[in-house]
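Notes to accompany the following structure.
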């Protein structure tokens, strides 16, 4: 029996050759492959600056730093997200402030976010969940009204779009992830895009120990060509040339990857549309389908998940709402019922297999297995 995961990388010989070329060259890190990847990524999305990071979490950390998040500042975001979206605020002494989701998009609800704005709001961080492009214009309007910046967590949404604009272009900063289950992979890696030269410089400084080697940016006179200055407390969040070479090769395939994901989602939609008790994901022309989050009757979700596993279909649940993790409960006093729409979605969701290497036969097998399980549950 062919085993199906919820997500998987696609690596071909071109990718392997690109990485091997770096391994045979002079630069394994801080070399030309990183700059080439950043330049190509920025050109693909139509932005001025793309700053690479070691992973998506580091990218969010860097973006919050560049936005000026400090002790006591607040970052408004969704509880339906991976821990990194909230944790990156905590790393800087900030506070994640959650607002409930819009069940029609599974993204942060702008109306709920507006209720959470305070004098301490520094960032609004909508999550483009599963690849669905969040309503960025509403969040930009909210942010401008209170002097905050918008950092879009698009770690699910590379290749997504809003009209003629790529996700990654409209927010003040947009964070991406290149984990193996994402649209393209660098093994581990991340990127932040922005049109602001000031924010881009802050991002580059942060990801390189807070150190600059540019004499024009130094506060004093350089002692010699070897001299550098640490100007802020930064981190070693650099992406290596090995990772960047893989990313650059994968980027050339992104359009094809996204087309296939959309086709898989359309086939799933057609196969599940008449099944009682199932709710297919929100649809959008600009959706890039990192995930296919299908909703089941809550009372049956656990049993269905287990039965799928027995049939060689490894789904995943995205995500336990962030506010209900023990750390957040204990530190901030969150409890069940605080964000009921996010909690309801969590109680019903299973992410089905969604990746480039799946065949139509694989998708039909998943759908038929679910149909049979649902019939037996009835």
For the stretch 268-321, give me each residue that is within 22 Å of residue 343 (Cα to Cα) and assigned to a strand (DSSP E or B). 279, 292, 293, 294, 295, 316
Residue 335 versus (1) under 23 Å from residue 111 (Cα atoms); (2) in contact (Cβ under 8 Å) with a residue 12 or more places away in the chain: which is the lone unmet condition? (2)
Can you name the condition, by its number, that residue 255 falls short on among (1) touching a residue at least 60 places away in the same chain (Cβ under 8 Å); (2) part of a loop (DSSP other than H, G, I, E, B); (3) loosely packed, with under 13 Cβ neighbours inside 10 Å? (2)
Filter pass, residue 345 being in the same structural domain as residue 280 (by TED's automatic domain parsing), touching a residue at least 24 places away in the same chain (Cβ under 8 Å), within 22 Å of the chain's Cα centre (by Cα) and not in a loop (DSSP other than H, G, I, E, B): yes
Quick one: residue 268 ticks every box in (1) out of contact with any helix residue (DSSP H, G or I) (no Cβ under 7 Å at 6 or more places or on another chain); (2) closer than 26 Å to residue 133 by Cα except a single one, so which number is it? (1)
With the checklist (1) buried (at least 23 other Cβ atoms within 10 Å of the Cβ); (2) in contact with a helix residue (DSSP H, G or I) (Cβ under 7 Å, 6 or more places away or on another chain) in hand, flag the one item residue 349 doesn't pass. (2)
The one condition in (1) farther than 30 Å from residue 279 by Cα; (2) surrounded by fewer than 16 Cβ atoms within 10 Å (Cβ to Cβ); (3) out of contact with any helix residue (DSSP H, G or I) (no Cβ under 7 Å at 6 or more places or on another chain) that residue 47 fails to fulfil: (2)
Exactly one of 189, 210, 224, 168 is surrounded by fewer than 21 Cβ atoms within 10 Å (Cβ to Cβ) and at pLDDT 95 or above, and that one is 210
Of the conditions (1) closer than 16 Å to residue 48 by Cα; (2) touching a strand residue (DSSP E or B) at 6+ places or on another chain (Cβ under 7 Å), residue 219 clears all except one; give me its number. (1)
Quick check on this structure: which one of 93, 86 is part of a loop (DSSP other than H, G, I, E, B) and either surrounded by 21 or more Cβ atoms within 10 Å (Cβ to Cβ) or assigned by TED's automatic domain parsing to the domain that holds residue 63 (or both)? 93
Within the stretch 322-338, is there a residue that is touching a helix residue (DSSP H, G or I) at 6+ places or on another chain (Cβ under 7 Å), more than 24 Å from residue 79 (Cβ to Cβ) and part of a loop (DSSP other than H, G, I, E, B)? no
The one condition in (1) surrounded by 20 or more Cβ atoms within 10 Å (Cβ to Cβ); (2) without any contact (Cβ under 8 Å) to a residue 60 or more places away in the chain; (3) closer than 24 Å to residue 159 by Cα that residue 113 fails to fulfil: (3)
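The values are calculated or read from the model by the stated rules, or taken from the named source; none is laboratory data. Here the structure is a predicted model, which means the values were calculated and not measured. For neighbour counting, all protein chains shown are included, and Cβ atoms are generated from backbone atoms with ideal geometry for every residue, glycine included.
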